[in-house]
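Here is the structure we will look at, set down as structure tokens.
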Amino acid sequence: MPGLYLSHLALSHFRSHRRAEVAADGRPIAIFGPNGAGKTNLLEAVSLFSPGRGMRRAAVQEMSRKPEALGWKVVGVLQSLGHAHEIEMRCEAGGARELRVDGKSAPQLALGRLARVIWLTPAMDRLWTEGADGRRRFLDRIALSFFPEHGEAALAYEKAMRERNRLLKEDLRDPAWYAALESQMARAGAAIAAGRRAALDRVEAAQAAAETAFPAAELGVRYPEEMPEVEEALATGLAEGRRRDLAAGRTLIGPHRADLAATYAEKGMPAAECSTGEQKALLISLVLANARALAGEIGAAPILLLDEVAAHLDAGRRAALYDEVCALGAQAWMTGTGPDLFEALGDRAQRIEVTEAGGESHLRPL
Amino acid sequence: MTQPSEIERLIEMMAKLPGLGPRSARRAVLHLVARRDAQLAPLARQMQLVADTARECTNCGNIGTADLCPICTDPRRANGQICVVETVADLWAMERASVFSGRYHVLGGTLSALDAIGPEELRIPQLVARIDEEAVREVILALPATVDGQTTAHYIADRLEERVALTSLAQGVPIGGELDFLDDGTITAALNARKPL
């Protein structure tokens, strides 16, 4: 079938999996088994098909199976709009992650142009109530899913800002050096801000156009103080803020201080003040809207990773979620503790049971 | 250990060179030992000679065997143009193309506050001084298209603004390159820098 999905996944010495293989046909995949069996480890492996550190944001060495710690390998065949790519990621013990696409070495950012992967994890349940960092990362993952170049701008901005912060901390006062760094920050920062806005516009439009069982959110980007989002104005703002930044020892304006604001549209209530169930429903709604917007834009739904997503939903909402995932045609990798959680999927999904014995995960396709 | 320690030590030293590893170093040493008179001894003499005489050109930072390198002593290269490069390897790459007839200035790195590399470490004050001393009309910035490279280019541009014409190398489609294999950033740069046929 056309679309965007992994048709084959093989893990070697990855987390609890000594060796594991999954053959997939593009349908959603329901993965069930007891706690600690290794279900989320499978999803984490799939999340590495997107640029970055994966859904756990773990260091590459942490992903090595213990106690051997020999390094690990993840290989997948990605079906992308009728083209198949073999993607291999490996990390030797003590080494860095290496990526090969169709047998050729490639940079991490190349993945953003091949695969689109969106995830929802239990750790994100506190997204609306914890600090802005998590929400900013969530916002950037949405932007990255639409615009692969967003990752490059974010890296360039981060690098230039770390350089500027070092100048501030060391109390260096070379205006030309500051101006050189601020010029790079302004260019990348304006691109980041524009990417975030454009991505949110697409998600909001997808929410408005959809018939869904999940609540719509009004979205916005907020800053602790006014942040110019145009390149020249941001460069000016950074230059004018040098004295204040020197006192603080860090950069006080810029896209690195953005926050994602969400309001439960129907109730007009900020997400942070909603009930736990409503907060989860808002997150699911955003992930689905992100996926719908992407499907409209690139012609295929992204790969979805929904870890323990069924746990907080009643049977009706669960069935509605499965219906929407299937209607999207997305390969959703979903985990849960028992097969009953996935009953409503019927034969619309593949099923894999994960068990653990002697510190090793075992997969059993059903 | 299968080799005598002196040869083993030589292999270890060779293995630290760029482009060589333990296996290729062993092969190179075996090759040299087998041709001791024809290759090993002349190589050792030449290395000693270079070790005794190699030095940085006091004007541009190129590597030579005198205080001033051949480019800086050649009056035909004083055409009012200076090409600023990050490393000596970049200078030699430009020279291989035999297309630039001016002089160079080797920075020896790029600005990096995190690595404690500031303008003083980069021979930027020397570059500024050369503008008047050598009646320079144009400075060509041939620095890497990385954050550090472009920060350095901006910094130099700021220091030399209004004193001299500033240009930078174009970015775009390489000769013999196919569009299909280029990244989006390069294609965008190439399109923005398009020129009439």
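Against the 2.2 N^0.38 Å scaling, with N counting residues, where does chain A land? I'd like the Cα-based Rg ratio to two decimal places.
Working: Rg = 21.5 Å, N = 366, 2.2 N^0.38 = 20.7 Å.
It is 1.04.
Provide the packing ranking of A:251-259, A:358-366, i.e. peptides ordered by the mean count of other C-beta atoms within 10 Å per residue, highest first.
Numbers: A:251-259: 20.3, A:358-366: 13.7.
Result, highest mean first: A:251-259, A:358-366.
Which order do the peptides A:187-199, B:17-29 come out in when sorted by mean C-beta neighbours inside 10 angstrom, highest first? Don't skip to the end; give the middle numbers.
On the way: A:187-199: 21.7, B:17-29: 13.0.
Top to bottom by mean Cβ count within 10 Å: A:187-199, B:17-29.
May I ask you to list the GluC sites (Glu not before Pro) in region A:211-305 that are in a DSSP loop and have at most 12 other Cβ atoms within 10 Å of their Cβ? Don't skip to the end; give the middle numbers.
Details: sites: A:E211, A:E218, A:E225, A:E226, A:E229, A:E231, A:E232, A:E240, A:E266, A:E273, A:E278, A:E297; in loops: A:E211, A:E225, A:E226, A:E229, A:E266.
Those satisfying the criteria are A:E211, A:E225, A:E226, A:E266.
With θ set to phi - 60° and the Karplus curve 6.51 cos²θ - 1.76 cosθ + 1.60, what are the ³J(HN,Hα) couplings of region B:180-197 in order, to the nearest whole Hz, using x for Gly and Pro?
4, 9, 8, 7, 4, x, 5, 5, 4, 4, 5, 5, 5, 9, 5, 9, x, 7
Evaluate E = 1/(1 + (r/R0)^6) for B:A34 and B:L114, where r is the Cβ-Cβ distance and R0 equals 56 Å; express this FRET efficiency to the nearest 0.05.
On the way: r = 47 Å, r/R0 = 0.84.
Approximately 0.75, to the nearest 0.05.
How far apart, in nm, are two points set 7 Å out from the Cα along the Cα-to-Cβ line at B:R9 and at A:E218?
Label at B:R9, label at A:E218, 7.8 nm between them.
Can you work out the FRET efficiency for the pair A:S275 and A:A93, with r the C-beta to C-beta distance and R0 = 41 Å, to the nearest 0.05?
0.35
What does the C-alpha gyration tensor say about the overall shape of region A:1-41? Classify as rounded when a/c is under 1.5, otherwise prolate if a/b is larger than b/c, or oblate.
oblate
Per DSSP H run of n ≥ 4, the term is -39500 (n - 2.57); total these for chain A, divide by its residue number, and report the mean residue ellipticity at 222 nm rounded to 500 deg cm²/dmol.
Numbers: 9 runs with 138 residues, N = 366.
When only DSSP H runs of four or more count, the value is -12500 deg cm²/dmol.
Among the GluC sites (Glu not before Pro) in region A:96-168, which ones are in a DSSP loop with at most 15 other Cβ atoms within 10 Å of the Cβ? Mind listing them?
On the way: sites: A:E98, A:E130, A:E149, A:E152, A:E158, A:E163; in loops: A:E130.
Listed in order of number, the matching sites are A:E130.
For region A:15-27, what does the Karplus curve 6.51 cos²θ - 1.76 cosθ + 1.60, with θ = phi - 60°, yield as ³J(HN,Hα) per residue in whole Hz, taken in order and with x for Gly and Pro?
6, 7, 9, 6, 8, 8, 9, 10, 9, 10, 10, x, 6
Quick one: if the Förster radius is 25 Å, what FRET efficiency do B:E161 and A:E226 give, using the C-beta to C-beta distance and rounding to 0.05? Mind showing how you got there, number by number?
Details: r = 30 Å, r/R0 = 1.19.
According to the calculation, E is roughly 0.25.
If the only charges are +1 at each Lys and Arg Cβ and -1 at each Asp and Glu Cβ, what is the size of the charge dipole of chain A around the Cα centre, to the nearest 20 debye?
Dipole size: approximately 820 debye.
Across the residues of B:113-126, average count of Cβ atoms on other protein chains within 10 Å? Walk me through the numbers before you get to the answer.
Working: counts 13, 6, 2, 2, 0, 5, 3, 0, 0, 0, 0, 1, 0, 0.
So the per-residue partner count for this stretch is 2.
Please give the peptides A:286-295, A:18-27 ranked by average Cβ packing (other Cβ atoms within 10 Å per residue), highest first, as a rough proxy for protection.
On the way: A:286-295: 25.0, A:18-27: 16.8.
Going from most to least packed, we get A:286-295, A:18-27.
If you place +1 on the Cβ of every Lys and Arg and -1 on the Cβ of every Asp and Glu, how big does the dipole about the Cα centre of region B:81-168 come out, in debye to the nearest 20?
Values: 7 positive and 14 negative charges, 50 e Å.
Here the size comes out at about 240 debye.
Take every residue in peptide B:157-169, count the Cβ atoms of other chains within 10 Å of its Cβ, and give the average of those counts. Before the final figure, lay out each step's value.
Working: counts 4, 8, 4, 0, 1, 0, 0, 0, 0, 0, 0, 0, 0.
Across B:157-169, the average partner-chain Cβ count within 10 Å equals 1.
In what order, largest first, do A:K169, A:K39, A:K66 sit by accessible area if the probe radius is 1.4 Å?
Values: A:K169 145, A:K39 10, A:K66 115 Å².
Descending order: A:K169, A:K66, A:K39.
Mind running the shape call on chain B? Use the C-alpha gyration tensor, a ≥ b ≥ c as the square roots of the eigenvalues: rounded below 1.5 for a/c, prolate if a/b tops b/c, oblate otherwise. Mind dumping the intermediate values first?
On the way: a/c = 2.18, a/b = 1.58, b/c = 1.38.
Prolate shape, in that a/c is at least 1.5 and a/b is the bigger ratio.
Test of understanding: what is the full-extension gain from A:A311 to A:R351, defined as 0.36 nm times their sequence separation minus their Cα-Cα distance? Don't skip to the end; give the middle numbers.
Numbers: separation 40, 0.36 × 40 = 14.40 nm, distance 1.71 nm.
Fully extending the segment from A:A311 to A:R351 adds 12.7 nm.
B:R163: net charge of surrounding residues, Cβ under 14 Å, Lys/Arg +1, Asp/Glu -1, itself excluded? Please list the in-between numbers first.
Numbers: positive: B:R130, B:R137, B:R159; negative: B:D132, B:E133, B:E134, B:E138, B:D158, B:E161, B:E162.
Here the charged neighbours net out to -4.
When chain A is treated as a GNM, springs tying every alpha-carbon pair under 10 Å, which of A:W333, A:W128, A:W177 comes out with the largest mean-square fluctuation?
A:W177
Between A:L144, A:L328, A:L167, find the one with the highest GNM mean-square fluctuation for chain A; connect C-alpha pairs within less than 10 Å.
Maximum fluctuation in the GNM of chain A, among the listed residues, is at A:L167.
Does region B:81-168 come out rounded, prolate or oblate, given a ≥ b ≥ c as the square roots of the eigenvalues of its C-alpha gyration tensor, rounded meaning a/c under 1.5 and, failing that, prolate meaning a/b above b/c?
Values: a/c = 1.69, a/b = 1.16, b/c = 1.45.
It is oblate, given that a/c is not under 1.5 and a/b is not larger than b/c.
Please compute the alpha carbon radius of gyration of region A:129-273, then divide it by the globular-protein estimate 2.2 N^0.38 Å. Two decimals is fine. All intermediate terms of the calculation are to be shown ahead of the outcome.
Details: Rg = 16.9 Å, N = 145, 2.2 N^0.38 = 14.6 Å.
Taking the Cα Rg and dividing by 2.2 N^0.38 Å, one obtains 1.16.
Under a 1.4 angstrom probe, counting protein chains only, how are A:E308, B:E121 ranked by accessible area, largest first? Could you put the intermediate results ahead of the total?
Numbers: A:E308 45, B:E121 110 Å².
The most accessible residue leads, giving B:E121, A:E308.
Among A:L144, A:S12, A:L43, which residue has its Cα positioned farthest towards the positive end of the charge dipole of the protein assembly as shown, with +1 placed on the Cβ of Lys and Arg, -1 on the Cβ of Asp and Glu, and the dipole taken about the Cα centre?
Comparing the listed Cα positions along the dipole, A:S12 ranks first.
If you build a Gaussian network model of chain B, linking Cα atoms that sit under 10 Å apart, which residue out of B:L160, B:L182, B:L122 swings the most?
It is B:L182.
Please list the non-local residues whose amide H lies under 5 Å from the amide H of A:H17, H modeled 1.01 Å from N, same-chain partners needing a gap of 5 or more.
Residues meeting the criterion, in which the H sits 1.01 Å from N, are A:S361.
Under 8 Å for C-alpha pairs, at least 6 residues apart: give me the relative contact order for region B:81-168, rounded to a whole percent. Provide the component values of the computation, followed by the final result.
Details: 114 pairs, mean separation 28.2, N = 88.
Dividing the mean separation by the residue count of region B:81-168 yields 32 percent.
Determine the calculated [θ] at 222 nm for chain B from helices alone, applying -39500 (n - 2.57) to every DSSP H run no shorter than 4 residues and normalising by the residue count; nearest 500 deg cm²/dmol.
Details: 8 runs with 84 residues, N = 197.
Roughly -12500 deg cm²/dmol at 222 nm, from the helical runs in chain B.
Between region B:128-145 and region B:68-114, what's the alpha-carbon centroid distance in Å?
That distance is 10 Å.
Give me the percent of Cα-Cα pairs in region B:75-118 that sit more than 16 Å apart, rounded to a whole number. All intermediate terms of the calculation are to be shown ahead of the outcome.
Values: 428 of 946 pairs.
Across region B:75-118, Cα pairs with separations above 16 Å total 45 percent.
In degrees, nearest 10, range 0 to 90: what is the angle between the Cα axis of helix B:5-15 and the longest Cα principal axis of chain B?
Long axis of B:5-15 versus the principal axis of chain B: about 20 degrees.
Just to confirm the number: angle between the C-alpha axis of helix A:149-169 and the first principal axis of chain A, 0 to 90 degrees, nearest 10?
Helix A:149-169 sits roughly 50 degrees off the main axis of chain A.
Output the 0 to 90 degree angle, nearest 10, between the alpha-carbon long axis of helix A:315-328 and the longest principal axis computed from the alpha carbons of chain A.
Taking Cα atoms only, the helix is inclined about 80 degrees.
The values are calculated or read from the model by the stated rules, or taken from the named source; none is laboratory data. Since the model is a prediction, treat every value here as computed from it, not as a measurement. Using ideal geometry, Cβ is built from the backbone for each residue, glycine included, and neighbour counts are taken over all protein chains shown. Accessible surface areas use protein heavy atoms only, side chains included; no ligands, DNA or RNA. Shrake-Rupley method; radii C 1.70, N 1.55, O 1.52, S 1.80 Å.
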